[in-house]
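These notes concern the structure reproduced below.
The values are calculated or read from the model by the stated rules, or taken from the named source; none is laboratory data. Note that the structure is predicted; figures quoted are calculated from it, not measured. Cβ coordinates were reconstructed from backbone atoms using ideal geometry, including for glycine residues, and neighbour counts include every protein chain displayed. In case anyone asks, the SASA skips ligands and DNA or RNA and just uses the protein heavy atoms, side chains included. Shrake-Rupley method; radii C 1.70, N 1.55, O 1.52, S 1.80 Å.
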Amino acid sequence: RANGQLVTLNLEDYIIGVVSAEMPPYFHEEALKAQALTARTYAAHYVKKGRILSDTDHHQVYYSEDELRRMWGKQFDTYYTKVKNAVLATKGEVITYDGELIEAYFFSTSNGRTEEPKYVWGGSVPYLKSVESPWDTQSAEFYDVKTMSYSQFSSKLGLGGTGSLYAEVLSYTPGGGVDRINIAGKVFNGEDVRARLGLRSTDFELHFEGGNVRIVQRGWGHRIGMSQYGANYMGQAGYTYREIIHHYYQGVQIEKL
């Protein structure tokens, strides 16, 4: 735990704490079930390697029952029961590809498509391809605008002067994010710009207006794997957790540990 304490937990109790921390408990039960599979798969993958999981987003966020009581207050019984039921309904189920546990990545909200790993941190994985996720446009996290001064913008990108700022997107990723972009004569990749400017997503537009840069962003997160808001709206539309998993992770199987 973050306080240095080492805790040994029953797997399903741990997954209840992770799902409660990583996904809003008022989300659709099929989305909570899908989140349980990603969390269980992620944990099993690390435990198989002999590693110890942290309770932060370095691995997966985990909250104990006491922490959830304090966080949810009067809603505790309702929320905890709902999450617990979703976890136990999928007890022991994990996601595999060719018999091996997958890297079950997930994120908040896409821009309408998910992204491929090589455009974020490099490498290619057969079950993590760019797929459509149109449900995400309903999310309150889908669209955001950030504004900063020319000097702030130039400083963060190491451009030096602010005299002639302009931007031209040279290429896009399969997920609709910025792949390569020319900003004031300097070429960046989209992930680098996202990190330097503290943006939500690599799907961004730069508008230079009256000494300020207005940055329009769509989606939130690395956009690799399962979209949490997409899963929620898929559940509301009648999709099962298995259909959600098979949509966001291609060619996978759902198996018992």
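So that you can scan it fast, the table gives a plain yes or no per residue for (1) among the acidic types (Asp, Glu); (2) open to solvent by 10 Å² or more (accessible area, probe 1.4 Å); (3) modelled with pLDDT under 95; (4) touching a helix residue (DSSP H, G or I) at 6+ places or on another chain (Cβ under 9 Å):
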site: Tyr26; (1), (2), (3), (4): no, yes, no, yes
site: Leu37; (1), (2), (3), (4): no, no, no, yes
site: Asp57; (1), (2), (3), (4): yes, yes, yes, yes
site: Glu67; (1), (2), (3), (4): yes, yes, no, yes
site: Thr109; (1), (2), (3), (4): no, no, no, yes
Pairs under 9 Å by beta carbon, first residue without any contact (Cβ under 8 Å) to a residue 40 or more places away in the chain in region 49-66, partner of a type in the set (Lys, Arg), six or more apart or different chains? His59/Arg51
Which residue, of Ile224, Ile181, Ile244, is part of a strand (DSSP E or B) and surrounded by 16 or more Cβ atoms within 10 Å (Cβ to Cβ)? Ile181
Note on region 120-135: residues part of a helix (DSSP H, G or I) and in contact (Cβ under 8 Å) with a residue 40 or more places away in the chain are Trp135
Is there a residue being on the phi < 0 side of the Ramachandran plot, touching a strand residue (DSSP E or B) at 6+ places or on another chain (Cβ under 8 Å) and of a type in the set (Gly, Ala, Ser) anywhere in region 88-103? no
Of (1) closer than 18 Å to Asp136 by Cβ; (2) outside any loop (DSSP other than H, G, I, E, B); (3) open to solvent by less than 50 Å² (accessible area, probe 1.4 Å), Leu199 satisfies all except one. Which? (2)
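Of all residues in region 120-135 being hydroxyl-bearing (Ser, Thr, Tyr) and within 15 Å of the chain's Cα centre (by Cα), which is most open to solvent (accessible area, probe 1.4 Å)?
From region 120-135, those hydroxyl-bearing (Ser, Thr, Tyr) are 124, 127, 130, 133; that's our starting set.
In the following step, the residues that additionally are within 15 Å of the chain's Cα centre (by Cα) were identified as 130, 133.
Details: Ser130: 19, Ser133: 0 Å².
The residue in question is Ser130.
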Among the residues of region 223-234, are any in contact with a Lys or Arg (Cβ under 8 Å, 6 or more places away or on another chain), closer than 20 Å to Tyr119 by Cα and either small (Gly, Ala, Ser) or touching a residue at least 12 places away in the same chain (Cβ under 8 Å) (or both)? yes
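Of the residues in region 209-222, how many are at pLDDT 95 or above and either more than 15 Å from the chain's Cα centre (by Cα) or within 16 Å of Pro174 (Cβ to Cβ) (or both)? Talk me through it step by step, then tell me what you get.
Going through region 209-222, the residues at pLDDT 95 or above turn out to be 213-220.
Filter once more, keeping what is either more than 15 Å from the chain's Cα centre (by Cα) or within 16 Å of Pro174 (Cβ to Cβ) (or both): 213-219.
Residues meeting the conditions: 7.
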Suppose we filter region 136-166 for residues that are open to solvent by 40 Å² or more (accessible area, probe 1.4 Å) and part of a helix (DSSP H, G or I); how many remain? 7
Among the helices (runs of 4 or more DSSP H) lying completely within region 1-84, list those that include at least 3 residues that are of a type in the set (Asp, Glu). 11-22, 65-72
By residue number, the members of region 83-107 that are surrounded by fewer than 16 Cβ atoms within 10 Å (Cβ to Cβ) and either under 17 Å from Asn232 (Cβ atoms) or of a type in the set (A, V, I, L, M, F, W, C) (or both) are Asn85, Leu88, Ala89
